[in-house]
Amino acid sequence: MSAPATPDLEVRAAVKRFAEHTAVDALSFSVARGSFFSILGPSGCGKTTLLRMIAGFIQPDDGDILIGGNSMKGVGPNRRPVNMVFQQLALFPMMSVGENVAFGLARRGVARAERTRKADAMLERVGLAGAARKKVDELSGGQRQRVAIARSLVLEPTLLLLDEPLGALDLKLREHMKIELKQLQAAFGTTFVYITHDQSEALVLSDHVGVMNRGRFEQLGTPQQLYYEPATPFVAGFVGANNRIAGTALAVNGGRVTVRTADGWTLEARASSPVAGGAAVEAFVRPEVAMLARTAAELPAGQATHSGEVESLLFDGANSAVLLRESSTKFEFRIALPQTGQYADLKVGERIHFGFDPERATCFPAGDRHG
Ligand SMILES: Nc1ncnc2c1ncn2[C@@H]1O[C@H](COP(=O)(O)OP(=O)(O)OP(=O)(O)O)[C@@H](O)[C@H]1O
Ligand SMILES: [Mg+2]
């Protein structure tokens, strides 16, 4: 058996403070060679600060950052084997596309013929063959972003750091570029560290995701782990759509909690971390886990049945959903509409039953942070 490969990136208890505010709070993780790693978190949680420390633009107050197994203490940004793609891409408008891509090579002293050859080859690989002589402002937003990525990849970095690179693009183009980015990363095999506050981007693109909140990771896992086994209420609420129900644990039976809300709705869920009887809890039920039924008898045996009144119908093709007001409490509850057309004639104001498998609903102590 071969020894495990040195991770391309290792962050060891890195800390960054700005006056009283700790932007990055003793964060540790590593990123395996050739993988697509995302950092997902809300605005202000410290994502850019973390990336700037990895790139070397700012120094950690404590801890260490290793790239390819080497400590980066005292190593300036232009001596690190990393490159960064920014949200507001910084292409040079006065230069041609080809000159933009060749810029870093020129700075490294690569001869003109060689730079042109490399830049042309890179433009071809990102689907912009023949665009070398164009001006930057002749390109669309998506094409410009591809130029920015080509300009970084041509330098063959160990790590490519991307700070919300699709943020400036419209929705349709984002969707398209998302797929392109994933294909580019797979084709080049370069390790990507990708920042986003968009959970669907992180899920689609990544091998692993660190969910960041207030300078720390709440959970680090595969997209499937984050979605199906969220470790904290924050992750359950941030990754994917979820109905969040606050209450107290009326009874705890093995891994099963009976939750009662302040308004008196009772439901069951699986305890994702230990819950004490009487404790304040938060339960989460995903819209696609809940099932609609015209009569309570249609729901599978073992599911508690609930009922509600249709408040609104949200048609969105494959993601269509219905918002219900749960009968006893008026709690607003979202349920995915099945694609069978069975509920195509559902009307606002109609009374309907619903249920869910308690094993697929999760429950945490309220305010639980580390699971
Ligand atoms: N140079 C600085 N001086 C003082 N405070 C800073 C500085 N840079 C960042 N901060 C603070 O650190 C925190 C984290 O900022 P950061 O830019 O890392 O957030 P972010 O997760 O990238 O947010 P966004 O998604 O909005 O880009 C914020 O509260 C911010 O105000
Ligand atoms: Mg940022």
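All of the numbers you see were taken from the coordinates with simple rules; none came from a lab. Not measured: the values here are computed from a predicted model. Methodologically, a virtual Cβ is constructed for each residue, glycine included, from the backbone with ideal geometry; neighbour enumeration extends over all protein chains shown.
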Report, in debye and to the nearest 20, how large the dipole of the chain comes out about its Cα centre when Lys and Arg carry +1 and Asp and Glu carry -1 on their Cβ.
1340 debye
Modelling each spin label as a point 7 Å along the Cα-to-Cβ direction, I'd like the GLU350/ARG133 distance in nm, to one decimal.
6.3 nm
Inter-site label distance for ARG79 and ASP316 at 7 Å from Cα along Cβ, in nm:
5.0 nm
Give, as a single signed number, the net charge of other residues whose beta carbon lies under 11 Å from the beta carbon of GLU180, with Lys and Arg counted +1 and Asp and Glu -1.
+3
Taking a crude spin-label model, label points 7 Å out from Cα along the C-beta direction, the VAL15 to ASP198 distance in nm is 3.6 nm
A chain fully extended from THR295 to ASP263 at 0.36 nm per residue, minus the present Cα-Cα distance, gains in nm 9.1 nm
Among ASP137, ASP316, ASP207, residue whose mean-square fluctuation peaks in a GNM of the chain (springs only between Cα atoms under 10 Å)
ASP316
Considering only DSSP beta bridges whose two residues both sit in the stretch 9-233, what percent are antiparallel, to the nearest 5?
55 percent
Can you run phi through the Karplus equation (6.51, -1.76, 1.60; θ = phi - 60°) for the stretch 248-259 and list ³J(HN,Hα) in whole Hz, with x for Gly and Pro?
10, 7, 5, 8, 10, 10, x, x, 10, 10, 9, 9
Roughly how tilted is helix 171-188, in degrees to the nearest 10 and between 0 and 90, from the longest Cα axis of the chain?
60 degrees
Using θ = phi - 60° and the Karplus relation 6.51 cos²θ - 1.76 cosθ + 1.60, list the HN-Hα couplings for the stretch 189-200 in order, rounded to whole Hz, with x at every Gly or Pro.
x, 6, 6, 10, 10, 10, 9, 7, 10, 9, 5, 5
